[in-house]
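Each remark here refers to the structure printed beneath this line.
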Amino acid sequence: MKKYVTTTMISVFFALTLAGCGGGGGGGGSVTKATTKAYLFGNMTSTSTVVTIQTTMNVPSGVLVNYSSTPGATTGLCPLRKGVIVPSGPVLASSSDFNLSSYDIGSRVLTISMVNNGRVPLKSSTTANTGTGVEFATINFTLATAGAVPASMPLVDPAPTVGQELPGPILSLLPGSKINFATTYQ
């Protein structure tokens, strides 16, 4: 009888332990964050470097942007707090290269502005590639309500303003470029 009770208790302990793991999904907690990767896609020459990028995304309701504003403000452009936009991808710009980015409270438009002050060799992918683009930034959001994932997040900005530096140095716009966005939730 003692052996039966001991075996049963061990079995119950393991069953309760496994049930508390959330099905192997890492604790079963609610989704609270959204992370969007920004990818630059466009056809540029191998001798040029991307020097500026300005792109916008409409932030859906329920997704929060960490910005600084005056108390009670409901309209206007606001600077972003540290960590909202961080450089990412194979060639890293400086965090300070994104300092001109802003969020419009009233229209819920996030403007991502990058100035490649260090002239790092940032390129876009060309039309010969799959069309995903070259990653250059990660945007960090918080969900207003845990677990309430928005129905959709922006997927593309078909008309960003991208400046390139050609040898010389000659500055020109990169025509036909676009920014692709890919969002994951944690």
Exercise. How many residues are touching a residue at least 24 places away in the same chain (Cβ under 8 Å) and over 12 Å from Ser124 (Cβ atoms) if we restrict to segment 152-177?
Worked result: 11
Exercise. Right, Leu173: at pLDDT below 95 and exposed (fewer than 13 other Cβ atoms within 10 Å of the Cβ) or not?
Worked result: yes
Exercise. Do we find a residue being in contact with a strand residue (DSSP E or B) (Cβ under 9 Å, 6 or more places away or on another chain) and not in a loop (DSSP other than H, G, I, E, B) anywhere in segment 150-160?
Worked result: yes
Exercise. Across segment 86-119, what is the number of residues that are open to solvent by less than 30 Å² (accessible area, probe 1.4 Å), under 14 Å from the mean Cα position of the chain (by Cα) and farther than 21 Å from Gln164 by Cβ?
Worked result: 1
Exercise. Can you name every residue in segment 50-64 that is surrounded by fewer than 19 Cβ atoms within 10 Å (Cβ to Cβ) and assigned to a loop (DSSP other than H, G, I, E, B)?
Worked result: Pro60, Ser61, Gly62
Exercise. Of all residues in segment 33-49, which are open to solvent by less than 60 Å² (accessible area, probe 1.4 Å) and either at pLDDT 95 or above or under 18 Å from the mean Cα position of the chain (by Cα) (or both)?
Worked result: Ala34, Thr35, Thr36, Ala38, Tyr39, Leu40, Phe41
Problem set entry | Some residue of segment 122-136 being open to solvent by 40 Å² or more (accessible area, probe 1.4 Å), touching a Lys or Arg at 6+ places or on another chain (Cβ under 8 Å) and not hydroxyl-bearing (Ser, Thr, Tyr) | no
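The values are calculated or read from the model by the stated rules, or taken from the named source; none is laboratory data. The structure presented is a predicted model; accordingly, all values stated were derived computationally and were not measured. Because the Cβ atoms are built from the backbone with ideal geometry, glycine has one as well, and the counts that use them run over all protein chains shown. When the accessible area is computed, the model is the full protein with side chains, heavy atoms only, and any ligands, DNA or RNA have been set aside. Shrake-Rupley method; radii C 1.70, N 1.55, O 1.52, S 1.80 Å.
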